[in-house]
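Input: a single structure, listed below in structure tokens.
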Amino acid sequence: MLNIALPKGRLGDQVLNLFSSIGFQCAEIYENDRRLVLESPDHQLRYLLVKPSDVAIYVEYGAADVGVVGKDILLEGNPDVYELLDLQIGKCRLAVAGKEDYTENPEAVLRVATKFPNVAKKYYSSLNRDIEIIQLNGSIELAPILGLSDVIVDIVESGKTLRENHLKVLSEIVPVSARLIANRASYLFKNEIITDMTRKLQEAVE
Ligand code: PRP
């Protein structure tokens, strides 16, 4: 049996459609109940529905053999997993944003609110810019509005959240999309099914 960790939420449906399109389906998932573990009728696949930011942890520790996770999470957590394929869905970007009328004071330490502290530190260290990280877990856009931070480092997808809060992108850090990842030992011991899945996904993506 192959254990597949899938992200719940906005990326989840697109991932399920992609997996169904290559014959890795599990009709039960569409029943929209509260179960977190679902098996395919032939008992070959087990889907684990987890919080997107936890997918890589399940895969790294072998609780799941493979998983689908955003590149943003991989860049932030740097988990010890194989990154097999860019699935070309869930496309967005990591960016610096601030108030529409924001102007930077280069003399002052920059206060950066984010749920991606490692990405933010690496980015600003490449610019030799001193920063203070203010780590939040959601609704990051509130921070500059309330003066809690000067800027934010966050995911921008449609840009709607920024627009509706009178914020704007100040600089782009890196493009993001969903990636297929595999546990290192699983990749060795379940190589046939994982390789088959990767090949079919690649064809579907192309
Ligand atoms: C993410 C991100 C932005 C928003 C961007 O938040 O943190 O707030 O999506 O999307 P947009 O550009 O299409 O508006 P998410 O919905 O994951 O919730 P969060 O505030 O809990 O992080």
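The residues of the stretch 169-204 that are part of a helix (DSSP H, G or I) and within 21 Å of Gly12 (Cβ to Cβ), listed by number, are Ile194, Met197, Thr198, Lys200, Leu201, Gln202, Ala204.
Out of all the residues in the stretch 121-170, which are surrounded by 15 or more Cβ atoms within 10 Å (Cβ to Cβ), within 13 Å of the ligand (Cβ to nearest atom) and small (Gly, Ala, Ser)? Within the stretch 121-170, Ala143, Gly159 qualify. Taking (1) buried (at least 19 other Cβ atoms within 10 Å of the Cβ); (2) of a type in the set (D, E, K, R); (3) touching a helix residue (DSSP H, G or I) at 6+ places or on another chain (Cβ under 8 Å) in turn, Asp80 satisfies each apart from (1). Annotation note: Cβ proximity below 6 Å between a residue of the stretch 134-157 that is farther than 13 Å from Arg111 by Cα and a residue that is among the hydrophobic types (A, V, I, L, M, F, W, C) and assigned to a loop (DSSP other than H, G, I, E, B) (sequence gap 6+ or interchain) occurs for Asp154/Ile140.
Among the residues of the stretch 39-79, write down those that are of a type in the set (Asp, Glu) and assigned to a strand (DSSP E or B). Spell out how you get there, then give the answer.
Residues of the stretch 39-79 of a type in the set (Asp, Glu): 39, 42, 54, 60, 65, 72, 76.
The one that is of a type in the set (Asp, Glu) and assigned to a strand (DSSP E or B): Glu39.
Summed over the stretch 171-187, residues that are closer than 21 Å to Val55 by Cβ and away from the ligand (no atom under 14 Å from the Cβ) total 11. Any idea which residue in the stretch 83-120 is nearest to the ligand (Cβ to nearest atom), counting only those that are touching a helix residue (DSSP H, G or I) at 6+ places or on another chain (Cβ under 9 Å) and more than 25 Å from Leu162 (Cα to Cα)? Per the stated criteria, the residue is Leu87. Val59 meets the conditions (1) touching a Lys or Arg at 6+ places or on another chain (Cβ under 8 Å); (2) away from the ligand (no atom under 16 Å from the Cβ) in every case but one. The failed one is (1).
Values quoted throughout were computed directly from the atomic coordinates according to the rules given, and no laboratory measurement underlies them. Only a predicted model underlies this, so the values are computations on that prediction, with no experimental measurement involved. Here Cβ is always computed from backbone atoms with ideal geometry, including for glycine, and neighbour counts include all displayed protein chains.
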